Amino acid sequence: MPGKRVEAVLPPMVDPVTAAAAMTARVAAVGVESVPLEQAAGRVLAEAIHADRDSPAADHSAVDGYALHAEALEALRGRESALPEMNVAFEVVTGTTPPPLLPGQVARVFTGGLVPVGSTSVIKREWVDEAGGVIRFRKNAVQDVLTGANIRRRGENARAGDLLSEPGRVINPAVVTTLASNACSSVQVFRRVRVGIAVTGNELASASTSAQSEAQVRDSNGPSLRALLSTAPWCEVVDVVNVPDRLEATDSTLKRLSEKCDAVVTTGGISMGDHDYVPDALLALGAEVIYHHLAMRPGKPNLGAVLPGELPVIALPGNPVSALVGAVVLAGDVLRKLAGIEHIDTRPRHAVAPGPVARRPAEFWHYVPAALTEPGSLRPVEHRGSGDVAAIGRSDGCFELPAHAAADEPEARRWFPWSLAR
Ligand code: AMP
Ligand code: MG
């Protein structure tokens, strides 16, 4: 008989943090592939990156100016009142290797150009007047002419072979900087996590269905979960399937999705109704249920299971606010673990401005839709419960109130934006 609570590894009404951790512990990262650097942004690094050569690879000028030989430097010392003129021996062509600098010589050099062997410092252009190949130092020039000034020395950033980036990092633009600087034209990344979404409910009609009766509910979970998963470049939505409330249809859809995906997310059909078939369909497929019914609101009916082969199924309630909250709170870390992401608890915390926040029952964990107002501050969005598809669109995410959190605690709260790409 459908609609019953099924036996689970964790006891009923366990907290959502324990539930998410138990599911996350059961899954392992997907396989690895190589992608060109131009396609690596947002993907998860699957190899350690070591410096392929010293960084910088040679001594570079950090400024536009004049490279000075040690002897030229000596000639300047103690002569601040009568600085000598000097001939410019040559100009360093940026991107080429210049000849060595001989005693008494200066060479014109630009930022990023190699300083000639023999240079001990580069004096900034703004401290010098140049006319007819002769430079004259301005009064305050000497302060800038310290040995080694304005030269980026070979290897001062990193030595060849140094570890620069570890696997498990999401490749952000800064990681791309490091990859490109080490001539990584392609990079090993975890392949995208393939996710299938099954949306249950006989009452559902898609936004594009032409004739819609009032008895029909517009399917928002399918599009909204697709949108959520699409925020992560390391994730790929393989299929979004609408399933009628029938055991065989639920069973065959879950089977089909599990065969081509790394994770399955479902909505609806996990409550106590006579036509809630998701738990039975999962059991028929040999699933081990990890949790069913959590001390969280919205989202008490939540269910998490693993199919044979440790394939996670995150079964979310049908109510749209519950589904979205469950997706960020319960599915997020499981998908990140599959994606190969390390250090996953970098979730921000924000202060919460006073506002309407339901905290009953006190032993439940509450997730409150909220808008980011000013930097670091959240404003709860007034809404009429887990089916309020009108108010949810005014929120940017939800914050977490642990069980028994007091209304007047000034503590910053864990923030779950409606995004997987943190
Ligand atoms: P269920 O969890 O299947 O009992 O559904 C709970 C409530 O959420 C019911 O009012 C459903 O009509 C509604 N609901 C279920 N699925 C969706 C969906 N995909 N989009 C919008 N509302 C839904
Ligand atoms: Mg339903």
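Details
- Were the residues from residue 177 through residue 391 laid out at 0.36 nm apart, the gain over their Cα-Cα distance would be 73.0 nm.
- 0 to 90° range, to nearest 10: angle between helix 247-260 axis and the chain longest Cα axis: 20
- Summed over qualifying helices (DSSP H, 4 residues or more, each -39500 (n - 2.57)) and divided by its residue number, the chain shows a 222 nm mean residue ellipticity of -5000 deg cm²/dmol.
- Centre separation in Å (Cα based) which lies between the stretch 190-227 and the stretch 350-422: 25
- Residue of 400, 409, 382 that the Gaussian network model of the chain assigns the largest fluctuation, springs spanning Cα pairs under 10 Å: 409
- Accessible area per residue in Å² at 1.4 Å probe, computed on the stretch 300-370: 35
- Whichever lysines have a C-alpha closer than 28 Å to that of residue 139, once near sequence neighbours (fewer than 8 apart) are set aside: 124
- The label point for residue 272 and the one for residue 7, both projected 7 Å from the Cα toward the Cβ, are 2.2 nm apart.
- Computed with a 1.4 Å probe over protein heavy atoms only, the accessible surface of the stretch 60-152 comes to 50 Å² per residue.
- Candidate cross-link partners of residue 300 among the lysines, defined by an alpha-carbon separation under 17 Å and a same-chain spacing of 8 or more, comprise 4.
- Protein accessible area in the stretch 221-279, 1.4 Å probe - carbon and sulfur %: 52
- Heavy-atom SASA rank of 154, 26 (probe 1.4 Å, accessible area, largest first): 154, 26
- In terms of packing, defined here as the mean over residues of other Cβ atoms within 10 angstrom, the peptides 238-245, 104-111, 316-323 line up highest first as 316-323, 104-111, 238-245.
- Placing R0 at 25 angstrom, the Cβ-Cβ distance between residue 111 and residue 41 gives a FRET efficiency of 0.40 after rounding to 0.05.
- Charge dipole (debye, nearest 20) of the chain; +1 at Cβ of Lys and Arg, -1 at Cβ of Asp and Glu: 360
- Cross-link partners of residue 260 among aspartates and glutamates (Cα-Cα below 13 Å; sequence separation of 8 or more within a chain): 236, 239
- The distance separating the Cα centre of the stretch 266-309 from that of the stretch 94-144 comes to 72 Å.
- Residues whose amide H lies under 5 Å from that of residue 276, counting only those 5 or more places away or on a different chain, are 3; hydrogens are built 1.01 Å from N in the peptide plane.
- Carbon/sulfur fraction of accessible area - the stretch 60-152, other protein chains in place, 1.4 Å, %: 53
- Acute angle (nearest 10 degrees) that the helix 221-230 long axis makes with the longest principal axis of the chain, alpha-carbon atoms: 20
- Mean projected area (nm²) of the alpha-carbon convex hull when the chain is viewed from all directions: 28.3
- Computed from Cα atoms, the angle from the helix 16-26 axis to the main principal axis of the chain rounds to 70 degrees.
- Computed from the C-beta positions of residue 227 and residue 202, the FRET efficiency with R₀ = 25 Å rounds to 0.55.
- Spin-label model distance (nm) - residue 153 vs residue 52, 7 Å beyond Cα toward Cβ: 2.6
- Average accessible area per residue (Å²) across the stretch 224-272 - probe 1.4 Å, nucleic acids and ligands excluded: 40
- Over the chain, relative contact order from alpha-carbon pairs under 8 Å, at least 6 apart, %: 20
- Couplings for the stretch 401-415, taken from phi via the Karplus curve 6.51 cos²θ - 1.76 cosθ + 1.60 with θ = phi - 60°, read 10, x, 3, 6, 5, 7, 4, 9, 5, x, 4, 6, 10, 4, 10 Hz in order; Gly and Pro are left as x.
- Simple spin-label estimate for residue 419 and residue 218 in nanometres, 7 Å along Cα-Cβ: 2.5
- For the stretch 1-123: relative contact order, % (alpha-carbon pairs under 8 angstrom, 6 or more apart): 27
- DSSP bridge analysis restricted to the chain gives an antiparallel fraction near 65%, rounded to the nearest 5.
- FRET efficiency, residue 246 to residue 129 (Cβ-Cβ, R0 56 Å, nearest 0.05): 0.05
- The amide H of residue 149, built 1.01 Å from its N in the peptide plane, has 122 as neighbours under 5 Å, considering only residues 5 or more places off or on other chains.
- Candidates 82, 29, 368 compared by Cα position along the dipole of the chain: farthest toward the positive end lies 82, with charges placed on Cβ.
- Considering only the stretch 242-355, percent of DSSP beta bridges that pair antiparallel, nearest 5: 70
- Length released on extending from residue 408 to residue 239, taking residue separation times 0.36 nm less the Cα-Cα span: 56.4 nm
The values are calculated or read from the model by the stated rules, or taken from the named source; none is laboratory data. Bear in mind that the values here come from a model prediction, so they are computed numbers and not experimental data. Counting neighbours? That spans all protein chains shown, and the Cβs are built from the backbone with ideal geometry, glycine included. Surface areas here come from the heavy atoms of the whole protein model, side chains and all, with no ligands, DNA or RNA. Shrake-Rupley method; radii C 1.70, N 1.55, O 1.52, S 1.80 Å.
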